[in-house]
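Trainee: Could you have a look at this structure, given as structure tokens, before my questions?
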Amino acid sequence: MEAKIINDPIWGPIELHPLCIRIIDTPQFQRLRYIKQLGGISLVYPGACHCRFEHSIGTSYLARSLGLELQKNLAMLDEPNKPDITDKEILCLEVAGLCHDLGHGPFSHLFDQLFIPKFKKPGDQKAWEHEDATLNMLNSIFKNITWNDYLEDEDIEFIKNLIKKPDEKEQKNPSLNENPDEKEQKKPSLNEKTDEKEQKKHFLYEIIANGLNKIDVDKWDYFSRDCHMLGLHHNFQCKRSIKLARVVKHGKEWHISYPKSEYYNLFDMFYTRYTLYRQAYHHPVAKAVEMMITDAFVKANKCLLFPPNKQRYQTCYLKHLSKNTYDFFGRKLEVEICWDCIKNLARVF
């Protein structure tokens with residue numbers, strides 16, 4: 001399979017790696033075509049009808065662009081013990097950027113911020129996040145496509161950690177059942193290899209989801225894309241930031257940094273974020289619409305079911321089908337009926 005070029009309204013022609021094309025062709029990724037980027041905001045701003053599909057492709061493009069720029073600058077850096085960026089790591093960045101939003105539910109953040117909390121049990125310590133579903137879908141994708149001609153097992157773990165880092169407790173506390181005598185004889189696990197990479201190349205984890213200062217390619221794409229579709233003006237130029245980005249040593253760690261001349265451009269980035277929240281994301285009418293959509297989801301929850309709730313689903317919808325017919329058509333009908341319900345709810349509001 002060869003690379004393909006698509007034309008993006010924000011970034012122009014984008015060349016997609018053959019592995020990215022395989023991922024895009026999966027049902028898990030294609031479902032992003034039906035998930036609106038801005039939830040119910042399109043009912044206030046009619047132009048805001050873009051979806052997670054194009055945002056994911058744009059994030060992948062920016063992740064690759066920033067990775068290549070940092071790779072070039074590190075090669076010219078005259079400093080001992082400097083890190084490097086391999087071509088395989090750039091491919092991992094590209095795949096992670098492409099897949100980082102796979103787990104979003106209907107109407108994007110409405111699903112995990114408004115709908116899911118209404119069904120949170122008192123004993124639940126950890127709230128459900130769309131990144132959790134993303135990792136599950138990513139596992140499903142790699143089980144059904146050929147990827148070992150480009151990546152290895154440890155690269156898959158690296159991609160997952162780029163999307164969402166494992167909890168510190170899970171990293172620090174080994175299994176209680178582990179025999180300390182066998183620990184010395186064990187080969188390094190995939191998690192240990194990725195932990196070692198994180199220590200040496202911490203800056204790679206700042207490209208897609210930057211928990212340090214919130215400057216990352218995910219925000220760069222949706223700031224630019226949302227402003228374009230909403231009809232809002234912005235001055236921030238992320239391509240300038242990519243050209244001026246450098247990997248700099250701070251203490252014992254290497255981080256992505258920017259020169260002082262980039263101060264005002266980055267200020268414009270955060271001001272763009274403020275503008276989007278003030279005029280669109282927190283628009284009172286849009287929030288009211290999203291609350292109504294959430295109420296509709298809550299009332300439809302008993303019948304609007306997804307696998308693995310097959311028994312309850314069969315009771316609600318498939319009483320007229322025999323067991324053999326259900327086994328044959330059930331999975332297809334589940335997906336079709338659920339998506340029909342979601343689309344109908346969207347039309348109502």
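The values are calculated or read from the model by the stated rules, or taken from the named source; none is laboratory data. The model shown is predicted, which means the values in this text are computed figures rather than measured ones. Virtual Cβ from ideal backbone geometry, glycine too; neighbours counted across all protein chains shown. Each accessible area value is taken on the protein alone, full model and side chains, heavy atoms only, with ligands, DNA and RNA left out. Shrake-Rupley method; radii C 1.70, N 1.55, O 1.52, S 1.80 Å.
Trainee: Is there any pair with a first residue in segment 214-226 that is closer than 17 Å to P46 by Cα and a second that is open to solvent by 30 Å² or more (accessible area, probe 1.4 Å) and part of a helix (DSSP H, G or I) whose Cβ atoms are under 8 Å apart and which are 6 or more apart or on different chains, and what are they?
Mentor: R225/E54
Trainee: A296 is checked against (1) farther than 28 Å from K200 by Cβ; (2) open to solvent by less than 50 Å² (accessible area, probe 1.4 Å); (3) in contact (Cβ under 8 Å) with a residue 60 or more places away in the chain and fails just one. What number does that condition carry?
Mentor: Status for A296: all satisfied but (3).
For every residue, the table says whether it meets (1) of a type in the set (F, W, Y); (2) surrounded by fewer than 13 Cβ atoms within 10 Å (Cβ to Cβ); (3) in a helix (DSSP H, G or I).
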residue: V248; (1), (2), (3): no, no, no
residue: H255; (1), (2), (3): no, no, no
residue: Y264; (1), (2), (3): yes, yes, yes
residue: M269; (1), (2), (3): no, no, yes
residue: T272; (1), (2), (3): no, no, yes
residue: R278; (1), (2), (3): no, yes, yes
residue: A286; (1), (2), (3): no, no, yes
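Trainee: Looking at (1) in contact with a Phe, Trp or Tyr (Cβ under 6 Å, 6 or more places away or on another chain); (2) surrounded by fewer than 18 Cβ atoms within 10 Å (Cβ to Cβ), which is the one condition that is false for E152?
Mentor: (1)
Trainee: A further question on this structure: Checking T59 against (1) open to solvent by 70 Å² or more (accessible area, probe 1.4 Å); (2) in contact with a helix residue (DSSP H, G or I) (Cβ under 9 Å, 6 or more places away or on another chain); (3) of a type in the set (S, T, N, Q), only one condition comes out false. Which one?
Mentor: (1)
Trainee: Quick check on segment 9-33: of everything there that is of a type in the set (D, E, K, R) and farther than 28 Å from V289 by Cβ, which residue is most open to solvent (accessible area, probe 1.4 Å)?
Mentor: Of everything passing the filter in segment 9-33, E15 is most open to solvent (accessible area, probe 1.4 Å).
Trainee: Please go through (1) in a helix (DSSP H, G or I); (2) open to solvent by 20 Å² or more (accessible area, probe 1.4 Å) for L66 and return the number of the only condition it doesn't satisfy.
Mentor: L66 satisfies every listed condition except (2).
Trainee: Would it be correct to say that E15 is among the acidic types (D, E), outside any helix (DSSP H, G or I) and either closer than 30 Å to F297 by Cβ or over 16 Å from the mean Cα position of the chain (by Cα) (or both)?
Mentor: Details: among the acidic types (D, E): yes; outside any helix (DSSP H, G or I): yes; either closer than 30 Å to F297 by Cβ or over 16 Å from the mean Cα position of the chain (by Cα) (or both): yes.
It is true that E15 is among the acidic types (D, E), outside any helix (DSSP H, G or I) and either closer than 30 Å to F297 by Cβ or over 16 Å from the mean Cα position of the chain (by Cα) (or both).
Trainee: In segment 223-246, which residues are open to solvent by less than 40 Å² (accessible area, probe 1.4 Å) and part of a helix (DSSP H, G or I)?
Mentor: The first filter runs over segment 223-246 and keeps only residues open to solvent by less than 40 Å² (accessible area, probe 1.4 Å), leaving 223-227, 230, 232, 236, 238, 241-242, 245.
Result: F223, S224, R225, D226, C227, L230, C238, S241, I242.
Trainee: Then there's this: Please go through (1) in contact (Cβ under 8 Å) with a residue 24 or more places away in the chain; (2) surrounded by 16 or more Cβ atoms within 10 Å (Cβ to Cβ) for Q71 and return the number of the only condition it doesn't satisfy.
Mentor: (1)
Trainee: Kindly indicate which of K121, K143 is open to solvent by 50 Å² or more (accessible area, probe 1.4 Å) and assigned to a loop (DSSP other than H, G, I, E, B).
Mentor: Details: K143 fails: assigned to a loop (DSSP other than H, G, I, E, B).
The unique qualifying residue is K121.
Trainee: While we're here: Restricting the search to segment 90-118, which residues are part of a helix (DSSP H, G or I), open to solvent by 10 Å² or more (accessible area, probe 1.4 Å) and not hydrophobic (A, V, I, L, M, F, W, C)? Break it down stepwise before answering.
Mentor: Here is the first cut: in segment 90-118, the ones part of a helix (DSSP H, G or I) are 90-99, 109-118.
Okay, now just the ones that are also open to solvent by 10 Å² or more (accessible area, probe 1.4 Å), so 91, 109, 111-118.
Listed by number, the residues that qualify are H109, D112, Q113, P117, K118.
Trainee: Can I ask one more? Only one of P46, P80 is in a loop (DSSP other than H, G, I, E, B), open to solvent by 70 Å² or more (accessible area, probe 1.4 Å) and either closer than 25 Å to F107 by Cβ or of a type in the set (S, T, Y) (or both); which?
Mentor: Just a single option satisfies the conditions, and that option is P46.
Trainee: In this structure, is K36 open to solvent by 10 Å² or more (accessible area, probe 1.4 Å) and in contact with a His (Cβ under 8 Å, 6 or more places away or on another chain)? Full working, then the answer.
Mentor: Numbers: open to solvent by 10 Å² or more (accessible area, probe 1.4 Å): yes; in contact with a His (Cβ under 8 Å, 6 or more places away or on another chain): yes.
Considered against the rule, which asks whether it is open to solvent by 10 Å² or more (accessible area, probe 1.4 Å) and in contact with a His (Cβ under 8 Å, 6 or more places away or on another chain), K36 comes out as yes.
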